[in-house]
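Right, one structure below, let's go through it.
Taken together, the values in this text are just the output of simple stated rules run on the coordinates, not laboratory data. All values derive from a computational prediction rather than experimental measurement. Cβ placement follows ideal geometry from the backbone for every residue including glycine, while neighbour counts extend to all protein chains displayed.
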Amino acid sequence: MNEKEGDSNMKKIDRVVVYGSLGLRPGLSELLWAFRKKHKLEEFPIYLDDHPFQIRERIRRERENEMRTADVVLLPHYMALQLSEEGILARHPSAELDSYPRKFRDDSHRWFAIGVTFMSMAYNSKRLGEKDLPESLDDLSSQKMRGRLGMQSLTDSKAGNLGAYYIAYLKRTAGSNKWMNLLHALAGPIRPKTYDCIDHLIQGLIDGAVRIGMTVYSLAYFREKTSGSPVALLRMKEAPPMLTFTSAGLVSGAEENGSARRFLDFLLSEEAQRIIGTIAGIAPTRPGISAPYPFEIKYESTSVFHPDTTHLEEISTALRTFKRLQLP
């Protein structure tokens, strides 16, 4: 066989570029190495980690300037939905998806859930005793909460707005009247300390700058919980955890990148899902595989996950309400 024939028989290998918003947490490097080991001829994936808003803006600018951008994204579900709505995600009908519940994937195959995450309220268990915990949104809205609350900024965050999605979600769980009472209290008497990033909020919770974090993401919560920090979920019927996903998608323009498609298929495989389960704060979505640590929130395929396209419409209304009340 001559050199030209050998070249023509070789599989074309493209390096996969992944933009993610998971933080460089334990388990992620193992996931990338496992892909490289499974596909020995692949180049090691390029992984860039940043906040959801920064990732969206970076992809937009790179595409506008005809620059190399991400092939694959790993993002909080609301941002994957936004990118899909904006036409930034392409179709990837993986055969692996046959093993997943339908609600864990887009009907047009532009995103799929690689892990379950959640938003919740949490508190510093060393600085706030159980007898001092609020039991309802009315308790949370009372004067005794002054100086105790922290949250991700609802209207000014430059990092993301998953916190805003969670506060908007509480209208469904508590009803419009209690929700509006809470918003008015947050806008005035019990105005919370706000943070651009949820990671900074959880750090403020641990350091004692706040006693209750109203918008805590499972990734940040479990990173601290599993390292021994004094954080606990605030269990309140009117403010339950909001189940959501970490979702993956193929970026439009990368359709011919075989490595990117193989990486997406790998994320759905049993091997990758077991590794994903070791990343604190994400539970596997593939049926039959669970996180090896107590995830604290129970879910099943019939559970309700947020947001969906209806919630994308609702968040616009909620953001207008937040801004009208001059919430931080």
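Think of segment 214-261 as a dipole: +1 on every Lys or Arg Cβ, -1 on every Asp or Glu Cβ, centred on the Cα centre; then among T215, V251, P230, P230 lies furthest on the positive end.
For segment 230-308, the Cβ-based charge dipole about the Cα centre amounts to some 260 debye (Lys, Arg positive; Asp, Glu negative; other atoms uncharged). Across segment 185-328, the mean sequence separation of Cα contacts (distance under 8 Å, 6 or more residues apart), normalised by length, yields a relative contact order of 22 percent. Taking 24 Å as the limit for the C-alpha separation, the pairs K178/K237; K131/K225; K131/K171; K126/K193; K171/K225; K131/K237 exceed it in the case of K131/K171; K171/K225.
If the segment from T155 to L24 were pulled out straight at 0.36 nm per residue, it would be longer than the present Cα-Cα gap by 44.5 nm.
Calculated mean residue ellipticity, 222 nm, the chain: -11000 deg cm²/dmol, from DSSP H runs (n ≥ 4) at -39500 (n - 2.57) each, averaged per residue and rounded to 500.
About its Cα centre, the dipole of the chain is roughly 1040 debye, where the only charges are +1 on Lys and Arg Cβ and -1 on Asp and Glu Cβ. Listed options for P(r) over Cα pairs in 20 Å bins from 0, in percent are [x] 26, 48, 17, 6, 3, 0; [y] 31, 54, 13, 2, 0; [z] 34, 58, 7, 0. The value calculated from this structure is the one marked [y]. The label point for A95 and the one for L325, both projected 7 Å from the Cα toward the Cβ, are 5.2 nm apart. Annotation: the antiparallel percentage among DSSP beta bridges lying fully within the chain is about 65.
One Cα centroid belongs to segment 44-107, the other to segment 141-195; the line between them spans 29 Å. A Förster distance of 56 Å, applied to the separation of the beta-carbon atoms of R60 and E300, puts the FRET efficiency at 0.95. In the chain, a dipole from Cβ-located charges (positive for Lys and Arg, negative for Asp and Glu) runs towards its positive end, and of M145, T285, P192 it is M145 whose Cα lies farthest in that direction. The loop-placed trypsin sites (Lys or Arg not before Pro) in segment 183-262, going by DSSP, that have at most 14 neighbouring Cβ atoms within 10 Å of their Cβ come out as R235, K237. For the chain, averaging the sequence separation of C-alpha pairs within contact (under 8 Å, six or more residues apart) and dividing by the residue count gives a relative contact order of 28 percent. Short-range pairs are left out: with C-alpha atoms under 8 Å and at least six residues apart, the relative contact order of segment 251-328 is 14 percent.
Would you mind classifying segment 143-268 by shape? Square roots of the alpha carbon gyration tensor eigenvalues, ordered a ≥ b ≥ c; an a/c under 1.5 is rounded, otherwise it is prolate if a/b is larger than b/c and oblate if not. In terms of gyration-tensor shape, prolate.
For S252, the residues 5 or more places off, or on other chains, whose built amide H falls under 5 Å of its own are L89, A90.
Candidates T117, P93, N65 compared by Cα position along the dipole of segment 1-141: farthest toward the positive end lies P93, with charges placed on Cβ.
Stretched out straight at 0.36 nm per residue, the stretch from E86 to E313 would grow longer than its current Cα-Cα span by 80.3 nm.
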